[in-house]
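Structure record follows, encoded as structure tokens.
Every number here is computed from the coordinates shown, using simple stated rules; none is lab data. This structure is a prediction, so every number in the text was calculated from the model and none was measured. Note: ideal-geometry Cβ built from the backbone for every residue, glycine included; neighbour counts use all protein chains shown.
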Amino acid sequence: MSNNESLAARAERAAQIIQQPELYKVCEGCESIVLREAVTCPNCHGYRFDDDEERVKTQADILGKRLPTSVPPSELT
């Protein structure tokens, strides 16, 4: 996937999150956005979250405009 395709996909996902922020929360450890039902962050295994809807929207907007900076667990094996 090229950088432009990756950015487009991230922007699309961010738009979905911004439309339904009540379904998500922001990890306080790595600032990833996870489903509200998550107990731990799949990226950093943190367990502290911010579920404020405005915070989720702001973080989705930030993440939707930049390339990923972390390595997902699926790529570590």
Subject >> Filtered residue count, segment 18-40, keeping only those that are in a strand (DSSP E or B) and among the hydroxyl-bearing types (Ser, Thr, Tyr) >> reply: 1
**OP:** For segment 25-39, name all the residues that are more than 15 Å from ILE62 (Cβ to Cβ) and small (Gly, Ala, Ser).
**Re:** GLY29, ALA38
